[in-house]
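Asks: There's a structure below that I have some questions on.
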């Protein structure tokens, strides 16, 4: 992964702070949304935006990463958190 460890941890902790019951309920709701083409990717990015990290992403990560790198980090974070 291209993300710096401290940036990875920042995002991971921001997502981890979200109420788990709401996170899981949102994932279930996405499963029933016909507009969602890639459930896992949509879920990862929804978590990122729900964690209020978008300003951090814009100001910090986009200086050296693009969406593909961020998505790779999000994929690892979701796996690490077991959601």
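Asks: Would you check which residues across the range 14-31 are under 14 Å from the mean Cα position of the chain (by Cα), surrounded by 13 or more Cβ atoms within 10 Å (Cβ to Cβ) and either touching a residue at least 60 places away in the same chain (Cβ under 8 Å) or over 18 Å from residue 3 (Cβ atoms) (or both) and list them?
Replies: Residues satisfying the conditions are 15, 16, 18, 23, 26, 27.
Asks: Something else about it: Does residue 47 fit the bill of being within 15 Å of residue 8 (Cα to Cα), assigned to a helix (DSSP H, G or I), modelled with pLDDT of 95 or more and under 15 Å from the mean Cα position of the chain (by Cα)?
Replies: Judged against the criteria, residue 47 is a match.
Asks: Just name the residue that is surrounded by the fewest Cβ atoms within 10 Å (Cβ to Cβ) out of those in the range 41-55 that are within 14 Å of residue 78 (Cα to Cα) and in contact (Cβ under 8 Å) with a residue 24 or more places away in the chain.
Replies: Filtering first and then ranking leaves 41.
Asks: Hey, another quick one. Kindly indicate whether residue 73 is modelled with pLDDT under 95, out of contact with any strand residue (DSSP E or B) (no Cβ under 7 Å at 6 or more places or on another chain) and part of a helix (DSSP H, G or I).
Replies: So residue 73 does not fit the description; no.
Asks: Provide a single number: the residues in the range 58-70 that are in a helix (DSSP H, G or I) and either loosely packed, with under 15 Cβ neighbours inside 10 Å or free of Cβ contacts under 8 Å to residues at least 40 places away in the same chain (or both).
Replies: Number satisfying all stated conditions: 6.
Asks: A further question follows. Do we have any residue at all in the range 32-40 that's touching a helix residue (DSSP H, G or I) at 6+ places or on another chain (Cβ under 6 Å) and buried (at least 16 other Cβ atoms within 10 Å of the Cβ)?
Replies: no
Asks: Test each condition in (1) under 11 Å from the mean Cα position of the chain (by Cα); (2) surrounded by fewer than 12 Cβ atoms within 10 Å (Cβ to Cβ); (3) in contact (Cβ under 8 Å) with a residue 24 or more places away in the chain for residue 79 and report the one that comes out false.
Replies: For residue 79, the exception is condition (3).
The values are calculated or read from the model by the stated rules, or taken from the named source; none is laboratory data. All figures in this text were calculated on a predicted structure; none of them were measured in a lab. Positions of Cβ are generated from backbone atoms using ideal geometry, with glycine treated the same way; all protein chains shown enter the neighbour counts.
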